[in-house]
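The values are calculated or read from the model by the stated rules, or taken from the named source; none is laboratory data. Quantities reported herein were computed from a predicted structural model and do not represent experimental measurements. FYI the Cβ positions are ideal-geometry reconstructions off the backbone, even for glycines, and counts take in every protein chain you see.
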Amino acid sequence: MCERLPTINGGRIQVCLHNDAVVQGLSELPFTQDVERWAVLTVGTGLGNASYTNRAPQKRSRR
């Protein structure tokens, strides 16, 4: 199955299952482009947390 996954910038991608804090945090990604680092904490049937670091945009070469 891994052979069927596409590459990103020439590198292999990795798929992981995560708790709801990770999913909720990723849903906020469009609203966090003005900060370098950010985190989320969820409280519900259990505690969940996740932290993120925004990468600098890569420059694309013109051909």
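Here is a list: Gly10, Gly48. Which entry is of a type outside the set (S, T, N, Q), modelled with pLDDT of 80 or more and out of contact with any strand residue (DSSP E or B) (no Cβ under 7 Å at 6 or more places or on another chain)?
Gly10
What pairs come out if I take residues in region 43-63 that are surrounded by 10 or more Cβ atoms within 10 Å (Cβ to Cβ) and pair them with residues that are outside any strand (DSSP E or B) and at pLDDT below 80 whose C-beta lies under 6 Å away, six or more apart or interchain?
Gly48/Asn19; Gly48/Asp20
Considering only region 14-28, state which residues are surrounded by 10 or more Cβ atoms within 10 Å (Cβ to Cβ) and either at pLDDT below 80 or over 19 Å from Asn54 (Cβ atoms) (or both).
Those that are surrounded by 10 or more Cβ atoms within 10 Å (Cβ to Cβ) and either at pLDDT below 80 or over 19 Å from Asn54 (Cβ atoms) (or both): His18, Asn19, Asp20.
Mind checking which pairs have a first residue in region 12-25 that is under 18 Å from Leu47 (Cβ atoms) and part of a loop (DSSP other than H, G, I, E, B) and a second that is hydroxyl-bearing (Ser, Thr, Tyr) and at pLDDT 80 or above, Cβ under 9 Å, 6 or more apart or different chains?
Asn19/Thr42
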